[in-house]
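Quick note: the coordinates plus some simple rules give every number you see, no bench work behind them. This one's a predicted model, so the numbers in the text were calculated from it and none came from an experiment. With ideal geometry, Cβ positions are generated from the backbone for all residues, glycine too; neighbour counts draw on all protein chains shown.
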Amino acid sequence: MIQYFLDHPYFIAIFFAVLAFTIWLCWKATVASKKRYGANAKLMAKIKEENELMNEFAVLTESLIASAQPEKLFKGTALNLQKRVAKKADLMAEFNALSEEQKEIYALYSVIDDGAVALSDFFRNSTHPLTDYAKSAVKNILDSKAAAVFSKEFNAFDDDNESVSVVPAEISRLDSEFASLAPVSAICEKAGRYIKENAEKFI
């Protein structure tokens with residue numbers, strides 16, 4: 001057998017090529033499995049956190065709002081607002097029934113959720129009136145620089161605004177600039193403080 005392979009060296013090359021390909025496939029499968037497990041674990045952790053926040057802030061009171069950590073207050077309040085709207089047959093009617101401040105918090109949470117990777121993802125997945133209230137929320141809650149960047153993307157994705165178009169390179173730049181000016185942690189902190197300052201609108 002050994003002599004046969006020595007007499008036919010190309011079989012050795014084929015053997016090692018097949019072996020290398022098999023090892024590569026096994027490695028790819030292992031990596032994919034780890035990624036899937038990691039993604040599932042992350043999703044389950046997110047669902048658990050959201051359920052805990054919804055339960056903690058299901059009924060808002062003055063004392064609860066005053067004592068709550070701003071980030072948790074924002075997330076818990078927004079999640080309960082989304083749940084309230086989602087369980088109704090007429091979503092738009094229920095959304096319209098919210099106070100202006102509630103609509104802004106609802107919309108701003110969509111920004112950090114749908115736009116978690118890039119702000120442009122939020123605009124690709126959303127439309128009026130959600131984008132309008134998100135713009136209002138950013139203007140009222142975040143600083144002027146972040147609001148200006150948000151407004152530029154708003155205009156770029158606004159179908160009613162024919163004077164501005166979506167330019168991929170410019171959108172990518174704006175995504176990066178907004179992420180730098182308004183990281184999620186800062187948005188949550190400021191949004192929570194906004195709820196505290198307007199507590200009567202959320203009780």
(message) Can you compute 3J(HN,Hα) from phi for each residue in region 72-89, using the Karplus curve 6.51 cos²θ - 1.76 cosθ + 1.60 with θ = phi - 60°, rounded to whole Hz and x for Gly and Pro?
(response) 5, 4, 4, 5, x, 5, 4, 4, 5, 5, 5, 5, 4, 6, 5, 7, 8, 5
(request) Mind jotting down the three principal axis lengths of region 109-203 based on Cα atoms? Whole angstrom, largest first. (result) 41, 26, 22
(request) Using the Karplus curve 6.51 cos²θ - 1.76 cosθ + 1.60 with θ = phi - 60°, work out ³J(HN,Hα) for each residue of region 42-56 in order, rounded to whole Hz, and write x for Gly and Pro. (result) 5, 5, 5, 5, 5, 5, 5, 4, 5, 5, 5, 5, 5, 5, 5
(request) Kindly write out, for region 119-136 in residue order, the coupling ³J(HN,Hα) from the Karplus curve 6.51 cos²θ - 1.76 cosθ + 1.60 (θ = phi - 60°), rounded to whole Hz, with x marking Gly and Pro. (result) 4, 4, 5, 4, 5, 5, 9, 10, 8, 5, x, 4, 5, 5, 6, 5, 5, 5
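By how many nm would the segment from Glu49 to Ala86 lengthen if fully extended, with 0.36 nm per residue of separation less the alpha-carbon distance?
On the way: separation 37, 0.36 × 37 = 13.32 nm, distance 1.90 nm.
Length gained, Glu49 through Ala86: 11.4 nm.
What FRET efficiency comes out for the pair Asp159/Gln69, r = Cβ-Cβ distance, R0 = 45 Å, nearest 0.05? Numbers along the way, then the final one.
Numbers: r = 39 Å, r/R0 = 0.86.
That pair, Asp159 with Gln69, gives E of 0.70.
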(request) Would you list which lysines come within 27 Å of Lys83, measuring only between C-alpha atoms, while excluding same-chain residues fewer than 8 positions from it? (result) Lys42, Lys46, Lys48, Lys72, Lys75, Lys103, Lys135, Lys139, Lys190, Lys196, Lys201
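Applying 1/(1 + (r/R0)^6) with R0 = 22 Å to the Cβ-Cβ distance of Asn96 and Ser151, what FRET efficiency is obtained, to the nearest 0.05? Display every interim value, and only then the final one.
Values: r = 24 Å, r/R0 = 1.07.
Efficiency at R0 = 22 Å is approximately 0.40.
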